[in-house]
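Encoded as structure tokens, here's the structure I'll be asking about.
The values are calculated or read from the model by the stated rules, or taken from the named source; none is laboratory data. Since the structure is predicted, the reported quantities are computational estimates derived from the model, not experimental observations. Here the Cβ positions follow ideal geometry from the backbone for every residue, glycine too, while neighbour counts run over all protein chains shown.
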Amino acid sequence: MTTIYVDADACPVKDETLRVAERHGLLTYIVSNSGMRVPRSPLVRQMIVPEGPDAADNWIADHIGENDIVITADIPLAARCLEKQALALGPSGKPFSQENIGMSLAMRDLTSTLRETSDFKSYNPAFTPKDRSRFLSALEETVRKAKQDS
């Protein structure tokens, strides 16, 4: 059975994820470094991991399996999950796939190098209602694909 894992610390679409998961009856793990409010539901589990770099990412990567879904903006985590035949979706609705993860990792590394070696500044655009809508559509499609492939 498909399970959803949410890299929750900075995730702007936790509520939307939980609504879609509930509609499909999917177990969902909210994984974070600190406590946060999550609905009381037999389908929702909160995992609080120790502080530290990549603790939430490591927990998710260690537990995710084939046809599970991860919601994350963390490109290296998405790559680790794809290696385990899971599905990965960014909060803006961008699906990560075997076809695009290499370019996503390369762009992330390039941007990081530019920030470290120059005055290059990057920013994350504001999260919009259009992003939220795109995410909901993409998650619904991803859940259907995961259920079909299970």
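Among the residues of region 68-81 satisfying the criterion of being assigned to a helix (DSSP H, G or I) and touching a helix residue (DSSP H, G or I) at 6+ places or on another chain (Cβ under 6 Å), which is modelled with the lowest pLDDT?
Filtering region 68-81 for residues that are assigned to a helix (DSSP H, G or I) and touching a helix residue (DSSP H, G or I) at 6+ places or on another chain (Cβ under 6 Å), the one modelled with the lowest pLDDT comes out as ILE75.
Under the condition of being among the β-branched types (Val, Ile, Thr) and not in a strand (DSSP E or B), which residue from region 1-26 is surrounded by the fewest Cβ atoms within 10 Å (Cβ to Cβ)?
This residue is VAL20.
Quick check on my filter: what residues within region 18-38 are more than 19 Å from GLU140 (Cβ to Cβ) and more than 16 Å from the chain's Cα centre (by Cα)?
Selection gives SER34, GLY35, MET36, ARG37, VAL38.
So the check is Cβ under 7 Å with 6+ separation or different chains; which pairs have a first residue in region 47-68 that's under 29 Å from GLU140 (Cβ atoms) and of a type in the set (Val, Ile, Thr) and a second one that's at pLDDT 95 or above and part of a loop (DSSP other than H, G, I, E, B)?
ILE64/LYS84; ILE64/ALA86
Looking only at region 84-107, count how many residues are of a type in the set (D, E, K, R) and modelled with pLDDT of 95 or more.
1
Of all residues being within 12 Å of PRO91 (Cα to Cα) and aromatic (Phe, Trp, Tyr) in region 123-144, which is surrounded by the fewest Cβ atoms within 10 Å (Cβ to Cβ)? Just the residue, please.
My answer is PHE127.
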